[in-house]
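Here is the structure we will look at, set down as C-alpha coordinates.
The values are calculated or read from the model by the stated rules, or taken from the named source; none is laboratory data. Just so it is clear, the model here is predicted, and its values are computed rather than measured. FYI the Cβ positions are ideal-geometry reconstructions off the backbone, even for glycines, and counts take in every protein chain you see. Please note that ligands, DNA and RNA were not included when accessible areas were found on the heavy atoms of the full protein model with its side chains. Shrake-Rupley method; radii C 1.70, N 1.55, O 1.52, S 1.80 Å.
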Amino acid sequence: MESLLVKESPLLLPLNKEKTVYDGFITVQERDFRIRILLPPDHQLKLAKDLSCYFVVSQRLHHSPDLVSFVLELKTVLEVALKCRPECRSIPPPQYYSQLIIEMEDLGWDKLVSIDTEFRTLRLRAEDSSGRQHVVTVKLKPKHPVEAPWCSADLPVPLAMTWTPQSSLGHVHTQFLLLLESLAEFWAVLDEIDEKTWVLEPEKPSRADTMRRIAIANNVSIKVEVDTQHPKMLPECCLLGAEHVVTPLRNKLNANMHLWNPDCSILQNLRDVLEIEFPSPATHEKSSFSAECGICYAYRLESAIPDQVCNDPRCGQPFHQACLYEWLRGLPSSRQSFNIVFGECPYCSKPITVKMSTQKP
(Lines give C-alpha, C1' and ligand atoms only; values in the text may rest on other atoms or scores of the structure.)
Protein backbone atom coordinates (compact mmCIF):
# COMPACT_ATOMS: atom_id res chain seq x y z
CA MET A 1 0.00 0.00 0.00
CA GLU A 2 2.86 2.38 0.83
CA SER A 3 4.35 2.03 -2.64
CA LEU A 4 0.97 2.77 -4.20
CA LEU A 5 0.63 5.89 -2.03
CA VAL A 6 4.10 7.12 -3.02
CA LYS A 7 3.26 6.55 -6.67
CA GLU A 8 -0.09 8.33 -6.40
CA SER A 9 1.00 11.22 -4.15
CA PRO A 10 4.79 11.46 -3.82
CA LEU A 11 4.52 14.73 -1.85
CA LEU A 12 2.40 13.15 0.91
CA LEU A 13 4.77 11.62 3.49
CA PRO A 14 4.51 10.02 6.97
CA LEU A 15 5.84 12.10 9.85
CA ASN A 16 6.35 9.32 12.42
CA LYS A 17 7.50 5.70 12.54
CA GLU A 18 4.02 4.44 13.33
CA LYS A 19 2.79 6.12 10.12
CA THR A 20 -0.25 7.55 11.81
CA VAL A 21 0.45 11.14 10.78
CA TYR A 22 0.79 12.13 7.13
CA ASP A 23 1.51 15.62 5.86
CA GLY A 24 2.23 17.10 2.45
CA PHE A 25 0.54 17.94 -0.81
CA ILE A 26 -1.77 16.28 -3.29
CA THR A 27 -1.90 17.52 -6.86
CA VAL A 28 -5.19 18.06 -8.66
CA GLN A 29 -5.41 19.73 -12.08
CA GLU A 30 -1.79 20.94 -11.75
CA ARG A 31 -2.57 22.62 -8.41
CA ASP A 32 -1.03 21.60 -5.10
CA PHE A 33 -3.24 21.34 -2.00
CA ARG A 34 -1.87 20.97 1.51
CA ILE A 35 -3.32 18.01 3.44
CA ARG A 36 -2.70 16.54 6.89
CA ILE A 37 -4.09 13.12 7.81
CA LEU A 38 -4.26 11.87 11.41
CA LEU A 39 -4.77 8.12 11.91
CA PRO A 40 -5.55 6.39 15.23
CA PRO A 41 -3.19 3.63 16.43
CA ASP A 42 -5.36 0.99 14.77
CA HIS A 43 -4.97 2.87 11.43
CA GLN A 44 -8.71 3.30 11.00
CA LEU A 45 -9.18 6.30 8.72
CA LYS A 46 -10.75 9.50 9.85
CA LEU A 47 -10.96 12.88 8.18
CA ALA A 48 -7.98 15.13 8.86
CA LYS A 49 -8.45 18.04 11.22
CA ASP A 50 -6.24 20.26 9.07
CA LEU A 51 -7.20 20.03 5.41
CA SER A 52 -5.77 23.00 3.46
CA CYS A 53 -8.36 23.35 0.75
CA TYR A 54 -11.51 25.38 0.59
CA PHE A 55 -14.15 22.78 -0.16
CA VAL A 56 -16.69 20.67 1.75
CA VAL A 57 -15.50 17.05 1.65
CA SER A 58 -18.09 14.28 1.46
CA GLN A 59 -18.64 12.24 4.62
CA ARG A 60 -18.25 9.05 2.60
CA LEU A 61 -14.48 9.58 2.75
CA HIS A 62 -14.68 8.38 6.36
CA HIS A 63 -15.47 4.91 5.04
CA SER A 64 -12.57 4.56 2.58
CA PRO A 65 -11.04 1.08 3.12
CA ASP A 66 -7.42 2.30 3.12
CA LEU A 67 -5.23 5.39 2.83
CA VAL A 68 -4.68 5.05 -0.91
CA SER A 69 -8.42 4.84 -1.55
CA PHE A 70 -8.92 7.86 0.70
CA VAL A 71 -6.42 9.95 -1.32
CA LEU A 72 -7.88 8.88 -4.66
CA GLU A 73 -11.40 9.65 -3.51
CA LEU A 74 -10.31 13.01 -2.10
CA LYS A 75 -8.75 13.92 -5.46
CA THR A 76 -12.02 13.09 -7.19
CA VAL A 77 -13.93 15.35 -4.81
CA LEU A 78 -11.44 18.15 -5.37
CA GLU A 79 -11.67 17.82 -9.15
CA VAL A 80 -15.45 18.20 -8.97
CA ALA A 81 -15.11 21.16 -6.62
CA LEU A 82 -12.59 22.88 -8.88
CA LYS A 83 -14.99 22.63 -11.80
CA CYS A 84 -17.63 24.34 -9.68
CA ARG A 85 -15.18 26.93 -8.30
CA PRO A 86 -12.70 27.68 -11.11
CA GLU A 87 -11.62 30.87 -9.34
CA CYS A 88 -9.98 28.92 -6.53
CA ARG A 89 -6.22 28.84 -6.69
CA SER A 90 -3.58 26.92 -4.84
CA ILE A 91 -0.90 28.88 -3.01
CA PRO A 92 2.19 29.43 -5.19
CA PRO A 93 5.43 27.82 -4.02
CA PRO A 94 7.91 29.89 -1.96
CA GLN A 95 10.10 30.34 -5.06
CA TYR A 96 7.32 32.44 -6.62
CA TYR A 97 7.45 35.00 -3.81
CA SER A 98 11.23 35.09 -3.55
CA GLN A 99 11.46 35.62 -7.32
CA LEU A 100 8.88 38.43 -7.11
CA ILE A 101 10.82 40.17 -4.33
CA ILE A 102 14.09 39.93 -6.27
CA GLU A 103 12.46 41.43 -9.37
CA MET A 104 10.91 44.30 -7.41
CA GLU A 105 14.24 45.06 -5.71
CA ASP A 106 15.92 45.22 -9.10
CA LEU A 107 13.17 47.41 -10.53
CA GLY A 108 12.83 49.65 -7.47
CA TRP A 109 10.04 49.64 -4.91
CA ASP A 110 9.25 53.26 -5.81
CA LYS A 111 7.84 51.94 -9.12
CA LEU A 112 5.17 49.89 -7.29
CA VAL A 113 1.78 51.61 -7.08
CA SER A 114 -0.16 48.69 -5.60
CA ILE A 115 -0.29 44.90 -5.33
CA ASP A 116 -3.23 42.65 -4.51
CA THR A 117 -3.45 40.34 -1.49
CA GLU A 118 -2.64 37.29 -3.63
CA PHE A 119 0.55 38.90 -4.99
CA ARG A 120 -0.67 38.22 -8.51
CA THR A 121 -1.68 41.67 -9.80
CA LEU A 122 0.73 44.59 -9.66
CA ARG A 123 0.38 48.19 -10.83
CA LEU A 124 3.67 49.81 -11.80
CA ARG A 125 4.24 53.52 -12.41
CA ALA A 126 6.32 55.01 -15.19
CA GLU A 127 7.15 58.58 -16.13
CA ASP A 128 7.86 59.57 -19.72
CA SER A 129 10.41 62.19 -20.80
CA SER A 130 7.75 64.93 -20.63
CA GLY A 131 6.86 64.15 -17.03
CA ARG A 132 3.55 62.45 -17.77
CA GLN A 133 2.63 59.77 -15.25
CA HIS A 134 1.48 56.38 -16.51
CA VAL A 135 0.53 53.07 -14.89
CA VAL A 136 0.82 49.54 -16.30
CA THR A 137 -1.13 46.69 -14.73
CA VAL A 138 0.72 43.36 -14.65
CA LYS A 139 -1.08 40.12 -13.84
CA LEU A 140 1.39 37.35 -13.11
CA LYS A 141 0.71 33.73 -14.05
CA PRO A 142 1.11 30.92 -11.48
CA LYS A 143 4.29 29.69 -13.19
CA HIS A 144 5.94 33.11 -13.34
CA PRO A 145 8.44 33.80 -14.86
CA VAL A 146 8.10 30.80 -17.16
CA GLU A 147 4.69 32.04 -18.30
CA ALA A 148 4.31 35.52 -19.80
CA PRO A 149 2.23 37.90 -17.66
CA TRP A 150 -0.87 39.73 -18.90
CA CYS A 151 -0.28 43.48 -19.18
CA SER A 152 -2.62 46.41 -19.76
CA ALA A 153 -2.37 50.21 -19.71
CA ASP A 154 -4.23 53.36 -20.74
CA LEU A 155 -2.82 53.52 -24.27
CA PRO A 156 -4.18 54.26 -27.78
CA VAL A 157 -2.27 51.27 -29.20
CA PRO A 158 -2.01 47.59 -28.18
CA LEU A 159 0.45 46.83 -25.40
CA ALA A 160 2.48 43.97 -26.89
CA MET A 161 5.29 42.63 -24.70
CA THR A 162 8.09 40.27 -25.69
CA TRP A 163 8.73 37.69 -23.00
CA THR A 164 11.07 34.77 -22.34
CA PRO A 165 11.45 32.56 -19.24
CA GLN A 166 14.42 34.77 -18.32
CA SER A 167 12.36 37.98 -18.45
CA SER A 168 11.31 39.95 -15.37
CA LEU A 169 9.20 42.88 -14.22
CA GLY A 170 12.13 45.09 -15.20
CA HIS A 171 11.72 43.99 -18.81
CA VAL A 172 8.01 44.88 -18.67
CA HIS A 173 8.80 48.32 -17.29
CA THR A 174 11.53 48.97 -19.88
CA GLN A 175 9.32 47.98 -22.81
CA PHE A 176 6.50 50.08 -21.39
CA LEU A 177 8.79 53.13 -21.22
CA LEU A 178 9.90 52.62 -24.83
CA LEU A 179 6.28 52.50 -25.96
CA LEU A 180 5.50 55.65 -23.98
CA GLU A 181 8.33 57.50 -25.72
CA SER A 182 7.04 56.44 -29.13
CA LEU A 183 3.73 58.13 -28.25
CA ALA A 184 5.26 61.31 -26.78
CA GLU A 185 4.59 63.47 -29.85
CA PHE A 186 1.02 62.15 -30.13
CA TRP A 187 0.25 63.09 -26.52
CA ALA A 188 1.94 66.48 -26.93
CA VAL A 189 -0.43 67.31 -29.79
CA LEU A 190 -3.49 66.35 -27.74
CA ASP A 191 -2.22 68.08 -24.60
CA GLU A 192 -2.01 71.34 -26.54
CA ILE A 193 -5.59 70.92 -27.77
CA ASP A 194 -6.80 70.11 -24.25
CA GLU A 195 -4.99 73.12 -22.79
CA LYS A 196 -5.78 75.78 -25.39
CA THR A 197 -9.31 74.91 -26.59
CA TRP A 198 -12.66 73.87 -25.17
CA VAL A 199 -12.94 70.11 -25.74
CA LEU A 200 -16.58 69.01 -25.83
CA GLU A 201 -15.87 65.30 -26.23
CA PRO A 202 -14.61 63.18 -24.59
CA GLU A 203 -15.78 64.76 -21.34
CA LYS A 204 -12.72 63.46 -19.50
CA PRO A 205 -10.12 62.42 -22.09
CA SER A 206 -7.90 59.48 -21.23
CA ARG A 207 -4.47 58.66 -22.62
CA ALA A 208 -6.15 56.06 -24.84
CA ASP A 209 -8.44 58.55 -26.62
CA THR A 210 -7.43 59.65 -30.12
CA MET A 211 -10.47 61.87 -30.85
CA ARG A 212 -11.22 65.41 -29.78
CA ARG A 213 -14.37 67.41 -30.51
CA ILE A 214 -13.34 71.08 -30.31
CA ALA A 215 -15.75 74.00 -29.89
CA ILE A 216 -15.60 76.65 -32.64
CA ALA A 217 -18.68 78.68 -31.72
CA ASN A 218 -22.08 78.16 -30.14
CA ASN A 219 -23.43 74.87 -31.59
CA VAL A 220 -20.49 74.63 -34.02
CA SER A 221 -17.55 72.27 -33.51
CA ILE A 222 -14.98 70.16 -35.31
CA LYS A 223 -14.18 66.52 -34.55
CA VAL A 224 -10.58 65.44 -35.25
CA GLU A 225 -9.14 61.92 -35.13
CA VAL A 226 -5.38 62.07 -34.53
CA ASP A 227 -3.08 59.41 -36.00
CA THR A 228 -0.88 57.87 -33.29
CA GLN A 229 1.98 57.24 -35.72
CA HIS A 230 1.78 60.57 -37.58
CA PRO A 231 0.21 62.95 -35.07
CA LYS A 232 1.07 66.16 -36.95
CA MET A 233 -0.32 65.06 -40.30
CA LEU A 234 -3.77 66.18 -41.45
CA PRO A 235 -6.23 64.24 -39.26
CA GLU A 236 -9.69 63.02 -40.14
CA CYS A 237 -11.95 66.05 -39.67
CA CYS A 238 -15.72 66.35 -39.33
CA LEU A 239 -17.42 69.72 -38.94
CA LEU A 240 -20.62 69.69 -36.88
CA GLY A 241 -23.34 72.31 -36.70
CA ALA A 242 -25.93 74.10 -38.80
CA GLU A 243 -25.23 73.87 -42.53
CA HIS A 244 -25.22 77.63 -43.09
CA VAL A 245 -22.31 77.88 -40.61
CA VAL A 246 -20.52 74.62 -41.39
CA THR A 247 -20.51 74.98 -45.20
CA PRO A 248 -18.19 78.04 -45.32
CA LEU A 249 -15.80 76.34 -42.88
CA ARG A 250 -15.84 73.14 -44.91
CA ASN A 251 -15.06 75.15 -48.08
CA LYS A 252 -12.09 76.81 -46.37
CA LEU A 253 -10.80 73.45 -45.15
CA ASN A 254 -10.93 72.02 -48.68
CA ALA A 255 -9.45 75.11 -50.29
CA ASN A 256 -6.57 75.54 -47.81
CA MET A 257 -5.71 71.90 -47.24
CA HIS A 258 -2.51 72.36 -49.28
CA LEU A 259 -1.27 74.81 -46.63
CA TRP A 260 -1.07 72.08 -44.00
CA ASN A 261 2.44 72.15 -42.50
CA PRO A 262 3.51 68.87 -40.83
CA ASP A 263 6.18 70.77 -38.90
CA CYS A 264 3.48 72.68 -37.00
CA SER A 265 0.98 71.36 -34.50
CA ILE A 266 -2.50 70.26 -35.47
CA LEU A 267 -4.02 73.17 -33.57
CA GLN A 268 -1.95 75.77 -35.41
CA ASN A 269 -2.71 74.15 -38.77
CA LEU A 270 -6.44 74.11 -38.03
CA ARG A 271 -6.30 77.82 -37.24
CA ASP A 272 -4.54 78.48 -40.54
CA VAL A 273 -6.68 76.37 -42.87
CA LEU A 274 -10.01 77.31 -41.27
CA GLU A 275 -8.93 80.94 -40.83
CA ILE A 276 -10.35 81.10 -37.31
CA GLU A 277 -9.31 81.46 -33.68
CA PHE A 278 -10.60 78.74 -31.41
CA PRO A 279 -12.31 79.80 -28.18
CA SER A 280 -10.06 78.96 -25.23
CA PRO A 281 -10.32 78.83 -21.44
CA ALA A 282 -8.53 82.18 -21.42
CA THR A 283 -11.18 83.89 -23.58
CA HIS A 284 -14.49 82.07 -23.06
CA GLU A 285 -16.52 80.17 -20.49
CA LYS A 286 -17.29 76.57 -21.39
CA SER A 287 -20.97 77.17 -20.59
CA SER A 288 -21.09 79.25 -23.78
CA PHE A 289 -20.80 76.02 -25.78
CA SER A 290 -22.91 73.73 -23.57
CA ALA A 291 -26.35 74.40 -25.03
CA GLU A 292 -29.05 72.08 -23.73
CA CYS A 293 -31.05 69.76 -25.97
CA GLY A 294 -34.30 71.38 -27.06
CA ILE A 295 -36.24 68.18 -26.34
CA CYS A 296 -34.89 66.66 -23.11
CA TYR A 297 -33.46 69.95 -21.75
CA ALA A 298 -30.22 68.27 -20.74
CA TYR A 299 -26.70 68.77 -22.07
CA ARG A 300 -25.39 65.23 -21.66
CA LEU A 301 -27.53 62.21 -22.44
CA GLU A 302 -25.42 59.36 -21.13
CA SER A 303 -22.19 60.10 -23.06
CA ALA A 304 -23.80 62.05 -25.93
CA ILE A 305 -24.09 65.83 -26.27
CA PRO A 306 -26.46 67.77 -28.58
CA ASP A 307 -24.96 67.50 -32.07
CA GLN A 308 -28.04 67.87 -34.32
CA VAL A 309 -28.79 71.54 -35.08
CA CYS A 310 -31.71 73.13 -36.86
CA ASN A 311 -30.40 74.62 -40.12
CA ASP A 312 -32.68 77.64 -40.01
CA PRO A 313 -30.42 80.62 -39.06
CA ARG A 314 -33.24 82.14 -37.00
CA CYS A 315 -33.54 78.98 -34.92
CA GLY A 316 -30.29 77.01 -34.62
CA GLN A 317 -31.64 74.92 -31.73
CA PRO A 318 -29.46 71.87 -30.91
CA PHE A 319 -30.77 68.38 -30.12
CA HIS A 320 -29.41 65.02 -29.13
CA GLN A 321 -29.51 62.65 -32.06
CA ALA A 322 -31.50 60.09 -30.06
CA CYS A 323 -34.01 62.71 -28.86
CA LEU A 324 -34.56 64.16 -32.32
CA TYR A 325 -34.95 60.71 -33.83
CA GLU A 326 -37.62 59.74 -31.31
CA TRP A 327 -39.38 63.07 -31.79
CA LEU A 328 -39.48 62.81 -35.58
CA ARG A 329 -40.50 59.17 -35.47
CA GLY A 330 -43.58 60.15 -33.50
CA LEU A 331 -44.74 62.76 -36.05
CA PRO A 332 -47.44 61.58 -38.46
CA SER A 333 -45.93 63.81 -41.16
CA SER A 334 -42.35 62.46 -40.90
CA ARG A 335 -40.93 60.13 -43.54
CA GLN A 336 -37.89 57.94 -43.85
CA SER A 337 -35.50 57.36 -46.76
CA PHE A 338 -32.87 54.71 -46.14
CA ASN A 339 -31.29 55.68 -42.79
CA ILE A 340 -32.45 59.32 -42.78
CA VAL A 341 -35.65 60.53 -41.14
CA PHE A 342 -37.25 63.77 -42.45
CA GLY A 343 -39.55 65.93 -40.37
CA GLU A 344 -40.10 69.33 -38.77
CA CYS A 345 -38.04 71.11 -36.11
CA PRO A 346 -39.82 70.97 -32.73
CA TYR A 347 -39.09 74.70 -32.27
CA CYS A 348 -39.57 76.47 -35.60
CA SER A 349 -41.33 73.76 -37.68
CA LYS A 350 -38.77 74.18 -40.46
CA PRO A 351 -37.56 71.02 -42.24
CA ILE A 352 -34.99 69.00 -40.25
CA THR A 353 -33.39 65.59 -40.75
CA VAL A 354 -31.57 63.09 -38.58
CA LYS A 355 -29.59 59.96 -39.40
CA MET A 356 -30.69 56.77 -37.72
CA SER A 357 -27.13 55.43 -37.43
CA THR A 358 -27.16 53.34 -34.24
CA GLN A 359 -30.76 54.15 -33.40
CA LYS A 360 -33.23 51.29 -33.63
CA PRO A 361 -36.77 51.81 -34.87
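With R₀ set to 30 Å, the beta-carbon distance separating residue 162 from residue 238 gives a calculated FRET efficiency near 0.20. The residues 121, 76, sorted by heavy-atom accessible surface at 1.4 Å with ligands and nucleic acids left out, run 76, 121 from largest to smallest. With the simple spin-label model, which puts each label point 7 Å out from Cα in the Cβ direction, the residue 283 to residue 356 separation comes to 4.2 nm.
Under 16 Å of direct C-alpha separation, and excluding same-chain neighbours fewer than eight residues apart, residue 143 reaches these aspartates and glutamates: 30, 32, 103, 118.
If you sort 272, 191 by accessible surface, 1.4 Å probe, largest first, the order is 272, 191. What's the carbon and sulfur percent of the chain's accessible surface, probe 1.4 angstrom, rounded to a whole number? So the carbon and sulfur contribution to the accessible surface is 54 percent.
All Cα-Cα separations within region 207-296 were binned at 10 Å from zero, giving a P(r) of 15, 46, 32, 6, 0, each value a whole percent of the pairs. Among the GluC sites (Glu not before Pro) in region 102-132, those placed in a DSSP loop whose Cβ has at most 11 other Cβ atoms within 10 Å are 118. Each label was represented as a point 7 Å from its Cα along the Cα-to-Cβ direction; for residue 314 and residue 38 these points are 9.4 nm apart. Aspartates and glutamates near residue 196 by alpha-carbon distance under 15 Å, same-chain residues fewer than 8 away left out - which ones? List returned: 277, 285. For the pair residue 154 and residue 174 in one chain, pulling the backbone fully straight at 0.36 nm per residue adds 5.6 nm over the alpha carbon distance.
Determine, from the Cβ-Cβ distance of residue 101 and residue 13 and an R0 of 35 Å, the FRET efficiency 1/(1 + (r/R0)^6), rounded to the nearest 0.05. With a Förster radius of 35 Å, E is 0.75. Maximal additional length on extending the residue 72-residue 132 stretch stands at 16.0 nm, based on 0.36 nm per residue less the C-alpha distance. Between residue 123 and residue 303, the distance separating the two model label sites (each 7 Å from Cα on the Cα→Cβ line) works out to 2.0 nm.
Normalised by the number of residues in region 284-361, the mean separation of alpha-carbon contacts (under 8 Å, six or more apart) gives a relative contact order of 23 percent. Region 193-247 and region 286-361 have Cα centres separated by 21 Å. Here the Gaussian network model covers the chain, with springs between Cα atoms less than 10 Å apart; of 226, 245, 135, 245 fluctuates the most. Normalised by the number of residues in the chain, the mean separation of alpha-carbon contacts (under 8 Å, six or more apart) gives a relative contact order of 7 percent. The relative contact order of region 99-213 comes to 20 percent, based on Cα pairs under 8 Å that sit 6 or more residues apart. The lysines within cross-link reach of residue 19, meaning a Cα-to-Cα straight distance under 16 Å and a gap of 8 or more places when in the same chain, are 46. Pair-distance distribution of the chain: all C-alpha pairs, bin width 10 Å, starting at 0; shares per bin in whole percent are 4, 17, 17, 15, 13, 12, 10, 7, 4, 1, 0.
Over 29 Å between Cα atoms, which of 17/75; 232/350; 286/355 qualify? With Cα atoms farther than 29 Å apart: 232/350.
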